[in-house]
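See below for the structure under consideration.
The values are calculated or read from the model by the stated rules, or taken from the named source; none is laboratory data. If you're wondering where the values come from, they're calculated on a predicted model, not measured in any experiment. Note that each Cβ is placed from the backbone with ideal geometry, even for glycine, and that neighbours are counted across all protein chains shown. Heavy atoms of the whole protein, side chains included, go into the accessibility calculation; ligands, DNA and RNA do not. Shrake-Rupley method; radii C 1.70, N 1.55, O 1.52, S 1.80 Å.
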Amino acid sequence: MSTDGQFDSALDLLRRLPPSSTSANLTRICALAPDLTEELLSSVDQPLEVRRCKKTGRDYLLCDYNRDGDSWRSPWSNEFEPAIEGEDEGAKPSERVRKLEMGMGEAVDIYRELYYEGGVSSVYFWDLDDGFAGVVLLKKTTPTGKSDGGWDSIHVFESIDRARTSHYKLTSTVILRLSTSSDALGDMDLSGNMTRQIEQDMPVTDDSSHIVNVGKLVEDMELKMRNLLQEVYFGKAKDVVGDLRSIPPLTEANREKATHQEMINSMKR
Amino acid sequence: MASNNAVAVSAFIEGAPPGELADVVTDIKALTEDDPTLLEKARPAFQKYNEEQLTTVKLPGGGGKKNVLISSYNSLGEGRYYDVESQSSFAFDHAAQVRARPCDAVRWAKLMRGAGGGQKASDVQSHTLESEHGDLISSLSKTLTTHAHEHYPSSTSAVFPVATTASLAILLVSNKYSPSNFWNGRLRTTYLYHPATTALTGTLKCDVHYYEDGNVRLLTTKTLPPTTISPSASEIMKTIAKVEKGWQEELNRGFSRLSEGEFKSLRRQLPVTRQKVEWEKVTSYRAGKEIGGGRR
């Protein structure tokens, strides 16, 4: 029997083990506690897979929100690939929400070109009783060489209808993988993921407002997260290495510190 | 299936970040409460982890201040290890964490995070080193300690003879744990000096974990190709100091390279126009207007 405690332990474990092995460790945890599988697959973000839409030839991204069993819905054709056999055709958004999904997909495609200058984006929406929800996905990888990189953005949001406004709740995760190697350096891998949440009420006049609102929320969040990633990856991680080993001899550094302290003390006198 | 699960538990232990083994074990216990034998079966993984990570332990006696390290190079088998400087051997219980009850987990985690790891050695016995390289070992230990004091704010180091390869293992581990700020780090250096061929080889490994609202890990490995140095402790240490300095400067350049290169080319801070997106304009969506699917 699995428990809430087990679910929390699984998340804690994944927060500690190497982020580059999250997918492998997720599979291992699901084998240990099969009851957690569905809940973990929908809560743990993994690097996005790319697939080509058979009908339109455009690339789209796979995630738990456009999955039904072993099939995924293409945002460009609105069809599941491979097609789902039998009466159950797989969950699709209502006509109104599908229209919104296509509009957002088109806008995010422009956003992607402006910020990522390449890569792949996908948008999936679904209906809620009092509004709708969706996920905005962006992915880019740099060509494999001496240095390597990959960025995956996963923005999951809810939009709850209020009078003349909507209440938006956004949870964003960025998975950033970087690596480089050389004879002098050896191998260096700097990988991870960070998650942030925000809630905000924004004015709504008609359905097109949702695209503007979600677009702004995603854009502001990505700007914030890019700055945060820069700080953690290239500031914090580098500082910790400096804490573990000092390039200048410590006796020298300590002597300088002592001299500095002496100066301060003499000024106080 | 069951054997796969045992492999999984071992993989979790192997992936534990610096100073977080106790937390990882607590999670494993919760996930394997239906089958506690899984953790029992992973005992070899604990030994492997402690020896590879150069786990530090406090040696009883002498005020309990002396830290010694665990490695495959000072293993006497049967969970016993020796220390050259204090001429003693001691027992180390790799599986202590397996037995700790969940209520002990918090205490364990605290102990593990203490300076030097906090794990205790027991059953100390005297152990006299027998090696034809006794003099070189003792002078290398001294110069290594001086080197450590110059560059590592908090470290444990040791030199051991390795009979099987007729070489000397020169080991150092530097830990810094700051779980209240959600980061922990470890740097390990392992050099092997072969007096007969006068060749020095080695590896430098750095492991940094940052986990506030996320999980970011820096993992680096640098292998030193065989270098010939005369069998003098000061010459060997001079080479080691030079190698480490060069590597650390290169690592700092690695951070800049990734920051200026890959990071920037993945996602711009702002579009070329230096303007944020005008969402009202980029969407052709208007209420009541049909949009066609497919390509724009």
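Go through A:241, A:174 for me and flag whichever is touching a residue at least 40 places away in the same chain (Cβ under 8 Å), among the aliphatic types (A, V, I, L, M) and surrounded by 14 or more Cβ atoms within 10 Å (Cβ to Cβ). Write out each step before concluding.
Numbers: A:241 fails: touching a residue at least 40 places away in the same chain (Cβ under 8 Å).
Exactly one residue qualifies, and that residue is A:174.
For the range A:76-94, indicate whether the set of residues that are open to solvent by less than 20 Å² (accessible area, probe 1.4 Å), touching a Gly at 6+ places or on another chain (Cβ under 8 Å) and within 13 Å of chain B (Cβ to nearest Cβ) is non-empty.
Looking through the range A:76-94, none of the residues is open to solvent by less than 20 Å² (accessible area, probe 1.4 Å), touching a Gly at 6+ places or on another chain (Cβ under 8 Å) and within 13 Å of chain B (Cβ to nearest Cβ).
Residue check: is residue A:171 more than 9 Å from chain B (Cβ to nearest Cβ), closer than 20 Å to residue A:108 by Cα and of a type in the set (S, T, N, Q)?
Yes; evaluated as a whole, the condition is true for this residue.
When the range A:127-138 is examined, which residues are found to be open to solvent by less than 30 Å² (accessible area, probe 1.4 Å) and more than 24 Å from residue B:260 (Cα to Cα)?
Those that are open to solvent by less than 30 Å² (accessible area, probe 1.4 Å) and more than 24 Å from residue B:260 (Cα to Cα): A:131, A:132, A:133, A:134, A:135, A:136, A:137.
What's the total number of residues in the range A:1-46 that are modelled with pLDDT under 95 and in contact with a Pro (Cβ under 7 Å, 6 or more places away or on another chain)?
0
Anything in the range B:253-275 that is open to solvent by 30 Å² or more (accessible area, probe 1.4 Å), at the interface with chain A (Cβ under 7 Å from one of its Cβ atoms) and of a type in the set (S, T, N, Q)? List them, or say none.
Of everything in the range B:253-275, those that are open to solvent by 30 Å² or more (accessible area, probe 1.4 Å), at the interface with chain A (Cβ under 7 Å from one of its Cβ atoms) and of a type in the set (S, T, N, Q) turn out to be B:265, B:269.
Mind telling me which of the residues B:150, B:130, B:212 ends up being acidic (Asp, Glu) and part of a helix (DSSP H, G or I)?
B:150
Would you tally the residues in the range A:198-222 being in contact with a Phe, Trp or Tyr (Cβ under 9 Å, 6 or more places away or on another chain) and modelled with pLDDT of 95 or more?
Total meeting the criteria: 16.
Can you work out which of the residues in the range A:25-54 that are of a type in the set (Val, Ile, Thr) and touching a Phe, Trp or Tyr at 6+ places or on another chain (Cβ under 9 Å) is nearest to residue B:27 (Cα to Cα)? Spell out how you get there, then give the answer.
Start the filter on the range A:25-54 by keeping residues that are of a type in the set (Val, Ile, Thr), which leaves A:27, A:29, A:37, A:44, A:50.
Filter again for touching a Phe, Trp or Tyr at 6+ places or on another chain (Cβ under 9 Å), leaving A:29, A:50.
Details: A:29: 11, A:50: 32 Å.
Per the criteria, the residue is A:29.
Please work out if residue A:195 is open to solvent by less than 20 Å² (accessible area, probe 1.4 Å), of a type in the set (Ser, Thr, Tyr) and modelled with pLDDT of 95 or more.
no
What residue, among those in the range A:139-165 that are among the small types (Gly, Ala, Ser) and surrounded by fewer than 21 Cβ atoms within 10 Å (Cβ to Cβ), is modelled with the highest pLDDT?
First, pick out the residues of the range A:139-165 that are among the small types (Gly, Ala, Ser): A:145, A:147, A:149-150, A:153, A:159, A:163.
This time we only want the ones that are surrounded by fewer than 21 Cβ atoms within 10 Å (Cβ to Cβ), so: A:145, A:147, A:150, A:163.
Details: A:145: 80, A:147: 88, A:150: 97, A:163: 90.
The extreme case among them is A:150.
List the pairs whose first member sits in the range B:205-220 and is at the interface with chain A (Cβ under 7 Å from one of its Cβ atoms), whose second member is open to solvent by less than 30 Å² (accessible area, probe 1.4 Å) and polar (S, T, N, Q), and whose Cβ atoms are under 7 Å apart, counting only residues at least 6 apart or on separate chains?
B:206/B:220; B:217/A:191
Please list, ordered by residue number, the helices (runs of 4 or more DSSP H) wholly in the range A:179-269 having 1 or more residues that are over 24 Å from residue B:216 (Cα atoms) and touching a Leu at 6+ places or on another chain (Cβ under 7 Å).
The helices (runs of 4 or more DSSP H) meeting that bar are A:207-230.
So which of B:33, B:40, B:14 ends up being within 16 Å of the chain's Cα centre (by Cα) and open to solvent by 70 Å² or more (accessible area, probe 1.4 Å)?
Unique residue meeting the criteria: B:14.
Taking the condition more than 23 Å from residue B:209 (Cβ to Cβ), surrounded by 13 or more Cβ atoms within 10 Å (Cβ to Cβ) and touching a Phe, Trp or Tyr at 6+ places or on another chain (Cβ under 7 Å), does residue A:58 pass?
yes
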